[in-house]
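Heads up: the structure comes next, in structure tokens.
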Amino acid sequence: MNRRDFIKGSLAVAALAALGGCKQGKETTDVKEGSNGKKKGEMTKRKLGSIAGEVSLLGYGLMRLPLKDRKNQAEIDKEKAQELIDKAMAGGVNYYDTAWVYHQGMSERFAGEALKKYPRESYNLADKMPVWEVKSIDDAKRIFQEQLDRCQAEYFDFYLMHSLNGGAWPNVRDNGALEYARQMKKEGKVKNLGFSFHGDNKDLAVIADFGGWDFAQIQLNYFDWDDYSKEQYEILTSHGIPVVVMEPLKGGELANLRPKTLEMLTNARPNTTAAQWAFEFIASLPNVLTILSGMTYMEHVEENLKTFSPIEPLSDEGKELLAKVKEFMKEEGKIPCTTCRYCTPCPVGVVIPDIFKMYNNYRSSLVKWMSQREYFQLAKESRADACVECGACLKKCPQKINIPEELKRVHKEFTS
């Protein structure tokens, strides 16, 4: 399929999605049949681009599996995790995503053990080349073969160059990693070749222009949409590259809204969860192949299966509401500090107003790592966790801020 035909097809699907979007108002989300023709209880699936077969719109990200010991990521609770996989398979999920580094290498091994009980053609297995470990084509050969062995697989349905950006791309292009992956595709050990991306939009355009990609994985959610996700989605769509979505709930943030924010959604649709709103937004995008969810508990799997079986694309009214929710979220949770500096100097040296300014920027910005980096560039004795709760600042703050408690909150969020 050429680029022009792909885009025309995507636009046609978009038009159909718009016609069948959810209506707003106080209504239940239970439907007899979705706008995609799926009956209640039947998983929504899509077929895009050159990818053979239908892929479930809900994909399983195997990076947050249940653990026996929360302090040890390698100690997967295999019994509980197997139950989750079995439930997902029974519900029609056929895309399972793992990687060399997930659960300290144990995710790939678990994937092999958990899925071997099912016919190989009944699921799609996705894995990733850890490009930062590849210095030569020999490294790529060694790692790829070990991944096949760990996953007890003869081939990968989807294989990605992991975590590309402008800095990593020249090495991947020239050190043998991409060359070897393309050779594995020729030999049938890789069915679809793609990449996951964590970088600037201009770098994404360069990588997409290089060509030869069957799909790409990007971070996409309604909160990030206008800041960078939309442009990344459009870059890939214009190149005829189907999109796999990671972080649809922004690390769980969009599923766990603060009460006042959640009220904005429940007033419109009382029986729809915050996570469902987020998923429906992404389901409205016709060039999305699958949406990855790292499901740790059975409640996650059950709720997501209900949402996607089938899922209704979000209406224009729903998108407008989410835009308002996003703006409200940016303001909610901020500390009402005016940087008057009456609280300074702190007896132990904590730079209180500077920290609160960093935090409020953190709440407003989508590029949160910049505020975090700024915080950790402070001397240790100036950071929020250096507070000894002496209470000297409480008497001076005209805004009546509980400064010691807010400092605890700031440090917890910056270090989480």
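Conditions tested, residue by residue: (1) under 29 Å from Leu265 (Cα atoms); (2) under 25 Å from the mean Cα position of the chain (by Cα); (3) among the hydroxyl-bearing types (Ser, Thr, Tyr).
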{"site": "Asn360", "(1), (2), (3)": "yes, yes, no"}
{"site": "Lys368", "(1), (2), (3)": "yes, yes, no"}
{"site": "Gln372", "(1), (2), (3)": "no, yes, no"}
{"site": "Cys390", "(1), (2), (3)": "no, no, no"}
{"site": "Leu394", "(1), (2), (3)": "no, no, no"}
{"site": "Lys408", "(1), (2), (3)": "no, no, no"}
{"site": "His411", "(1), (2), (3)": "no, yes, no"}
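Taken together, Lys357, Lys396, Lys319 contain a single residue that is charged (D, E, K, R), assigned by TED's automatic domain parsing to the domain that holds Ser229 and either touching a Leu at 6+ places or on another chain (Cβ under 6 Å) or surrounded by 12 or more Cβ atoms within 10 Å (Cβ to Cβ) (or both), which is Lys319.
Ala208 falls short of the stated requirement of being out of contact with any Phe, Trp or Tyr (no Cβ under 6 Å at 6 or more places or on another chain) and either of a type in the set (Lys, Arg) or in a loop (DSSP other than H, G, I, E, B) (or both). Those helices (runs of 4 or more DSSP H) of the range 311-397 in which 3 or more residues are hydrophobic (A, V, I, L, M, F, W, C) and at pLDDT 90 or above occupy 316-331, 352-364.
Take Gln217 and tell me if it is at pLDDT 95 or above, part of a helix (DSSP H, G or I) and either of a type outside the set (A, V, I, L, M) or touching a Leu at 6+ places or on another chain (Cβ under 7 Å) (or both). No: the conditions fail for Gln217. Of the residues making up the range 366-393, those that are surrounded by fewer than 16 Cβ atoms within 10 Å (Cβ to Cβ) and of a type in the set (Lys, Arg) are Lys368, Arg373, Lys380. Take the conditions acidic (Asp, Glu), part of a helix (DSSP H, G or I) and at pLDDT 95 or above and apply them to Glu299. Does it pass? Yes: the conditions hold for Glu299. With the condition kept exactly as written, say whether any residue in the range 148-155 is surrounded by 23 or more Cβ atoms within 10 Å (Cβ to Cβ) and touching a helix residue (DSSP H, G or I) at 6+ places or on another chain (Cβ under 6 Å). Yes, some residue in the range 148-155 is surrounded by 23 or more Cβ atoms within 10 Å (Cβ to Cβ) and touching a helix residue (DSSP H, G or I) at 6+ places or on another chain (Cβ under 6 Å).
The values are calculated or read from the model by the stated rules, or taken from the named source; none is laboratory data. On a predicted model such as this, the values are computed, not experimentally measured, just so you know. When we count neighbours, we look across all protein chains shown, and the Cβ atoms used for this are built from the backbone with ideal geometry, even at glycine.
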